[in-house]
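Below: one structure, written as structure tokens.
The values are calculated or read from the model by the stated rules, or taken from the named source; none is laboratory data. Just so you know, these numbers come straight off a predicted model, no measurement behind them. Virtual Cβ from ideal backbone geometry, glycine too; neighbours counted across all protein chains shown.
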Amino acid sequence: MYCPNCGKEIPDDSTFCEFCGSRIEEGAGGKVHTDFGEDDIASSANGKNASGGSSKNLETNPVVIGVLVLAIVVLTSGFILVRSGKGKADKASADETMQTAADSGNAGEIPGGDEVKESSGENTAESASSGSVPQNTGDAYTPETYAISGGKWDVLQSGEIVYTQSNGTSVQNAWVENKGKYLYVDFTGCLMKNNYTADGFWVGDDGAWDNTKERRTDDAKPLSGAAYGTDPKLEIEILDYSDGSTYAKAKRTYSFGYAEEFNVMPLGCSTYLLEGKDDFNSGFLMVVSRDQKTLTLSGVGETTEYVMQ
């Protein structure tokens, strides 16, 4: 008989083909080839049988294809379920975080027990940045015009009261609305009390705008070379240049010999910013009295008067 696989003539009683190694079994028409020998199995990964001919591609077998498709569907479904579960968990975690942030935003308090009101969502970090209070904008402007809200107040261990937006941004030179009151955060980021703000409004003992006091719109200047206060002593030096420009610097000297130097930036409304040498757009707010005899400095939670000697 002939091997049904390689076609070579082999003995009629053969169980395996001596040429290609295929197993020969009894069928309706005699011995038939049914499967690969061991060498064929090893070589099937390369698409060749033991005799060098091409083996049958397993992927073309309908049963194999069905099994593979079923496996892919099961794996894909499992992946979708896992991702869906993870998405729900992530959303739950995010919702919990947002709720915690909202709760913490209402937890801040200022003296008197006033709670910070919930944010309307209209204020941004940019509105709370340094220099956000406009200067010399006329009588139509009030603290209510650009006041921010939605953050929280914190009292530091050293006693300063600071304000932080709900997104974690600290604020400087900004008005904050709180239950109908308008509070001013100065250039050091602290609640300011008992002084005029950079836009000329008065805040009292509680740091809130006192609308019974007239707004400062005049432009009083400190006296150059005069000594204000004793310990520390504050001196302002105003330099006038030939091109008409003016520059001023300040020096605050303590009795034990320590001295601080500042650049003086006019803000209008008789107010000035005393900037540290490497600390631009932040520093102490200085207000000059109308008679030029008193300088009032506010910063880091304190307001101090320096009277001309």
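For Val133, state whether it is more than 16 Å from the chain's Cα centre (by Cα), buried (at least 18 other Cβ atoms within 10 Å of the Cβ) and modelled with pLDDT under 90. It is true that Val133 is more than 16 Å from the chain's Cα centre (by Cα), buried (at least 18 other Cβ atoms within 10 Å of the Cβ) and modelled with pLDDT under 90. Going by what's in this entry, would Asp199 be described as over 29 Å from the mean Cα position of the chain (by Cα), buried (at least 22 other Cβ atoms within 10 Å of the Cβ) and part of a loop (DSSP other than H, G, I, E, B)? Yes, satisfied. Kindly evaluate Ala220 against the criterion of being more than 23 Å from Leu191 (Cα to Cα), in contact with a strand residue (DSSP E or B) (Cβ under 9 Å, 6 or more places away or on another chain), hydrophobic (A, V, I, L, M, F, W, C) and outside any strand (DSSP E or B). So Ala220 passes the test.
To keep it simple, each residue is scored yes or no on (1) assigned to a strand (DSSP E or B); (2) under 39 Å from the mean Cα position of the chain (by Cα); (3) on the phi > 0 side of the Ramachandran plot.
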residue	(1), (2), (3)
Lys193	no, yes, no
Asp243	no, no, no
Pro266	yes, yes, no
Tyr272	yes, yes, no
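Of the numbered criteria (1) over 19 Å from Val155 (Cβ atoms); (2) touching a residue at least 24 places away in the same chain (Cβ under 8 Å), the one Leu191 fails is (1).
How many residues are touching an Asp or Glu at 6+ places or on another chain (Cβ under 9 Å), of a type outside the set (Ser, Thr, Tyr) and surrounded by fewer than 19 Cβ atoms within 10 Å (Cβ to Cβ) if we restrict to segment 280-307? Number of matching residues: 4.
If I filter segment 211-234 for residues that are more than 17 Å from Thr304 (Cβ to Cβ) and among the aromatic types (Phe, Trp, Tyr), do I get at least one hit? Scanning segment 211-234, I find no residue that is more than 17 Å from Thr304 (Cβ to Cβ) and among the aromatic types (Phe, Trp, Tyr), so the answer is no. Residue count for segment 269-309 under the criterion of being among the basic types (Lys, Arg) and either at pLDDT 95 or above or out of contact with any Phe, Trp or Tyr (no Cβ under 9 Å at 6 or more places or on another chain) (or both): the result is 2. One residue is enough: does segment 289-299 have a residue meeting the conditions touching a strand residue (DSSP E or B) at 6+ places or on another chain (Cβ under 8 Å), over 12 Å from Pro222 (Cβ atoms) and without any contact (Cβ under 8 Å) to a residue 24 or more places away in the chain? The answer is no; no qualifying residue exists.
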